[in-house]
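The values are calculated or read from the model by the stated rules, or taken from the named source; none is laboratory data. What you see is a predicted model; the values in this text were computed from it and never measured. Cβ placement follows ideal geometry from the backbone for every residue including glycine, while neighbour counts extend to all protein chains displayed. For the accessible areas, the whole protein counts, side chains as well, though only heavy atoms, and no ligand, DNA or RNA atoms are used. Shrake-Rupley method; radii C 1.70, N 1.55, O 1.52, S 1.80 Å.
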Amino acid sequence: MASRSSEIRTGNGSSALDAVSLAIIEQLQEDGRRPYAAIGKAVGLSEAAVRQRVQKLLDQGVMQIVAVTDPLTVGFRRQAMVGINVKGDLDPVADALAAMQEVEYVVLTAGSFDLLAEIVCEDDDHLLDVINRRIRTLPGVRSTESFVYLKLKKQTYMWGTR
């Protein structure tokens with residue numbers, strides 16, 4: 001029988017997901033529309049218990065259930081990763097990037113760049129506009145380097161369960 005708790009405490013006081021929560025996440029990663037009854041059967045819980053676990057995972061920000069599209073099929077013809085070097089505090093630049101509609105994600109990094117931003121644009125002109133007029137003009141941005149995607153070979157959202 002599955003544990004009633006959806007988390008366990010680690011030695012440093014932070015919480016980690018238990019095996020049942022991880023199994024629920026894995027079921028949803030395989031099919032985000034899988035019925036709670038089917039998930040419950042796979043993980044050994046009732047439909048109601050799965051519903052409660054999923055809601056808790058959503059409320060805690062552990063996961064989201066979203067429709068993932070291929071940008072090329074919905075009118076976006078250009079994707080790029082932009083490496084950004086910043087003078088001074090990274091947070092204001094990262095926040096400004098995160099607020100841009102074209103920016104899919106922003107990460108603060110250690111290495112050759114201070115920040116990496118993935119951008120999805122309609123075409124090359126749109127990409128140039130975003131980089132040249134919006135990113136490079138942000139206060140603190142020293143330099144950028146763009147890596148235009150030619151072909152996406154793998155995209156997965158199976159983190160944390162295997």
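Taking the range 54-64, which residues are assigned to a loop (DSSP other than H, G, I, E, B) and of a type outside the set (Gly, Ala, Ser)? Once the filter is applied, which keeps residues that are assigned to a loop (DSSP other than H, G, I, E, B) and of a type outside the set (Gly, Ala, Ser), the range 54-64 yields GLN60, VAL62, MET63, GLN64. Summed over the range 38-47, residues that are open to solvent by less than 50 Å² (accessible area, probe 1.4 Å) and not in a helix (DSSP H, G or I) total 2. Taking every residue in the range 111-135 that is under 25 Å from VAL68 (Cα atoms) and pairing it with any residue that is among the hydroxyl-bearing types (Ser, Thr, Tyr) and not in a helix (DSSP H, G or I), at least 6 positions away or on another chain, the pairs with Cβ-Cβ distances below 7 Å are LEU115/THR109; LEU116/THR109; GLU118/TYR105; ILE131/THR144; ILE131/SER146.
The set of residues in the range 90-108 that are loosely packed, with under 11 Cβ neighbours inside 10 Å and in contact (Cβ under 8 Å) with a residue 12 or more places away in the chain is empty. Among the candidates LYS87, LYS151, the residue that is within 30 Å of ILE25 (Cα to Cα) and exposed (fewer than 13 other Cβ atoms within 10 Å of the Cβ) is uniquely LYS151.
Per-residue answers, yes or no, for (1) within 30 Å of ILE131 (Cβ to Cβ); (2) surrounded by 11 or more Cβ atoms within 10 Å (Cβ to Cβ):
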{"residue": "TYR36", "(1), (2)": "no, yes"}
{"residue": "ALA49", "(1), (2)": "no, yes"}
{"residue": "VAL54", "(1), (2)": "no, yes"}
{"residue": "LEU58", "(1), (2)": "no, yes"}
{"residue": "PRO71", "(1), (2)": "yes, yes"}
{"residue": "VAL74", "(1), (2)": "yes, no"}
